[in-house]
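Everything below concerns the one structure shown next.
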Amino acid sequence: MMIRQRTIKKEVSASGIGLHSGKKVSMTFKPAPANTGIVYVRSDLSPKVYMKTSAEMVRDTELCTAIISDDGARVATIEHLSAALSATGIDNLYIEVNAPELPVMDGSAQPFIYLLESAGIEILSAPKKFIKVLKKVRVELDDKWAELCPTKAGFKLDLQIDFNHPAMDKSMQHYKLDFNGDRFLSDVSRARTFCFMKDVEFMHAHNLALGGSLDNAVVMDDFHVMNPEGLRYPNEFVKHKMLDAIGDLYMSAQSIVGEFKAYKTGHHLNNMLLRALLADATAYNLITIEDGKQGLEQNRFIEEVHVHDTDAVIA
Ligand SMILES: [Zn+2]
């Protein structure tokens, strides 16, 4: 039996604050048939604008990952939902949103996973497509780099960050993950985005990230984590960078079979890497996978859902 494509069983809605605008944003996830892909719908525009995610649709990676249509319609801050879709194996979905950005929720992927699980996961009949890496592809930018290498099976990640900050333990800046839905959910999904107070002040002065707060990011002053609850994981920072990479590499809604290694990577480099891979027809194959170990793990994920408390408002 092939591993098959997925969508959700029923519509689900939520609202939250937009990171950039600071205003309330509503979104609705709707089931989609096989081979639809992940399609964002700007329901506030007339006529509505449909945008299917792909490596090429990512046209802004300044503060987040944003897709922009040819006529300039955008949806920003999609990377954490993208990571949640990757983890739940959902490759077909309509996401209606009434603003140029998704709600930031708590700055992690967990509220999105909660919503997708609340809607229920529907297995479709069409086989799921995987991107199998056939040869090493590498991109570099200054001292940063990211690469994808072939593996026999699965999706492995190895990521290192390098921050010099009193609140960021040097021994907690390297993380490896043998990716599957369970592991992502328990070990990575709750890692929040992070920033420095001096950057927040700069951004606010320039009308950026107006919705950013201690409710949706780990914020550090010159010495400490300012959030009263502290960190969710001792290595939350590197885990969040991994969460971002998982989301950024899922822009074509196809799971990768390969090994991702990166040093100081970010949205821009992650997108460069995915583009570089897909631009080289000899570097990958689109494959289907028989329901072996990997399929069983995916199925187990559905039966054992660990839902954490969330502030998500479910309409
Ligand atoms: Zn992020």
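The number of residues in segment 251-290 that are open to solvent by 60 Å² or more (accessible area, probe 1.4 Å) and away from the ligand (no atom under 16 Å from the Cβ) comes to 8. Residues in segment 60-96 that are farther than 20 Å from residue 10 by Cβ, of a type in the set (S, T, N, Q) and in contact with a strand residue (DSSP E or B) (Cβ under 9 Å, 6 or more places away or on another chain): 65, 69, 77, 82, 86. Out of curiosity, is residue 197 within 25 Å of residue 38 (Cα to Cα) and open to solvent by 50 Å² or more (accessible area, probe 1.4 Å)? Considered against the rule, which asks whether it is within 25 Å of residue 38 (Cα to Cα) and open to solvent by 50 Å² or more (accessible area, probe 1.4 Å), residue 197 comes out as no.
Could you tell me whether segment 106-116 includes any residue that is assigned to a loop (DSSP other than H, G, I, E, B) and over 26 Å from residue 154 (Cα atoms)?
Of the residues in segment 106-116, the ones assigned to a loop (DSSP other than H, G, I, E, B) are 106-109.
Filter again for over 26 Å from residue 154 (Cα atoms), leaving 106-107.
Yes, because at least one residue in segment 106-116 is assigned to a loop (DSSP other than H, G, I, E, B) and over 26 Å from residue 154 (Cα atoms).
Considered as a group, the residues in segment 174-186 that are outside any strand (DSSP E or B) and away from the ligand (no atom under 16 Å from the Cβ) include one that is most open to solvent (accessible area, probe 1.4 Å), and that residue is 183.
Of 121, 90, which residue is closer than 22 Å to residue 156 by Cα and either touching a helix residue (DSSP H, G or I) at 6+ places or on another chain (Cβ under 9 Å) or among the polar types (S, T, N, Q) (or both)? Walk me through how you get there before you give the answer.
Working: 121 fails: closer than 22 Å to residue 156 by Cα.
After ruling out the rest, the residue left standing is 90.
In segment 160-171, is there at least one residue being part of a helix (DSSP H, G or I) and without any contact (Cβ under 8 Å) to a residue 12 or more places away in the chain? Scanning segment 160-171 turns up at least one residue that is part of a helix (DSSP H, G or I) and without any contact (Cβ under 8 Å) to a residue 12 or more places away in the chain. Scanning segment 1-14 for residues that are of a type outside the set (D, E, K, R) and surrounded by fewer than 18 Cβ atoms within 10 Å (Cβ to Cβ), we see that the one that is nearest to residue 275 (Cα to Cα) is 2.
Rundown of residues vs (1) crowded, with 18+ Cβ neighbours inside 10 Å; (2) in contact (Cβ under 8 Å) with a residue 12 or more places away in the chain; (3) closer than 21 Å to residue 245 by Cβ, yes/no style:
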site	(1), (2), (3)
43	no, yes, no
55	yes, yes, yes
60	no, yes, yes
65	yes, yes, yes
69	no, yes, no
76	yes, yes, yes
84	yes, yes, yes
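Take segment 188-224 and flag every residue that is among the small types (Gly, Ala, Ser) and under 20 Å from residue 108 (Cβ atoms).
As a first pass, look at segment 188-224 and keep what is among the small types (Gly, Ala, Ser): 189, 191, 205, 209, 211-213, 217.
189, 191, 209, 211, 212, 213, 217 - these are the residues of segment 188-224 that are among the small types (Gly, Ala, Ser) and under 20 Å from residue 108 (Cβ atoms).
For the structure I just gave you, tell me whether residue 119 is open to solvent by 10 Å² or more (accessible area, probe 1.4 Å), among the hydrophobic types (A, V, I, L, M, F, W, C) and over 12 Å from the mean Cα position of the chain (by Cα). Considered against the rule, which asks whether it is open to solvent by 10 Å² or more (accessible area, probe 1.4 Å), among the hydrophobic types (A, V, I, L, M, F, W, C) and over 12 Å from the mean Cα position of the chain (by Cα), residue 119 comes out as no.
Taking residue 209, is it within 27 Å of residue 53 (Cα to Cα), within 13 Å of the ligand (Cβ to nearest atom) and not assigned by TED's automatic domain parsing to the domain that holds residue 62? Here the answer is yes, as residue 209 does meet what is asked.
Specify the residue that is nearest to residue 264 (Cα to Cα); the eligible residues are those in segment 158-171 that are open to solvent by 60 Å² or more (accessible area, probe 1.4 Å) and out of contact with any strand residue (DSSP E or B) (no Cβ under 7 Å at 6 or more places or on another chain). Show your work before the answer.
At the first step, the residues of segment 158-171 found to be open to solvent by 60 Å² or more (accessible area, probe 1.4 Å) are 160, 162, 164, 166, 169-171.
Restricting the remaining residues to those that are out of contact with any strand residue (DSSP E or B) (no Cβ under 7 Å at 6 or more places or on another chain) gives 162, 164, 166, 169-171.
On the way: 162: 6, 164: 12, 166: 18, 169: 15, 170: 13, 171: 15 Å.
Step by step, filter segment 158-171, then rank; the result is 162.
Would you call residue 93 open to solvent by less than 10 Å² (accessible area, probe 1.4 Å) and closer than 30 Å to residue 18 by Cβ? Answer is yes for this residue.
Does residue 142 satisfy being without any contact (Cβ under 8 Å) to a residue 24 or more places away in the chain and either within 16 Å of the ligand (Cβ to nearest atom) or closer than 23 Å to residue 279 by Cβ (or both)? Before you say what the answer is, go through the steps one by one.
Values: without any contact (Cβ under 8 Å) to a residue 24 or more places away in the chain: yes; either within 16 Å of the ligand (Cβ to nearest atom) or closer than 23 Å to residue 279 by Cβ (or both): yes.
Here the answer is yes, as residue 142 does meet what is asked.
Take the residues of segment 122-146 that are in a loop (DSSP other than H, G, I, E, B) and touching an Asp or Glu at 6+ places or on another chain (Cβ under 7 Å): which is most open to solvent (accessible area, probe 1.4 Å)? This residue is 136.
The values are calculated or read from the model by the stated rules, or taken from the named source; none is laboratory data. Keep in mind that what you see is a predicted model, and the values were worked out from it rather than measured. Quick reminder, even Gly has a Cβ in these numbers, built from the backbone with ideal geometry, and neighbours come from all protein chains shown. When the accessible area is computed, the model is the full protein with side chains, heavy atoms only, and any ligands, DNA or RNA have been set aside. Shrake-Rupley method; radii C 1.70, N 1.55, O 1.52, S 1.80 Å.
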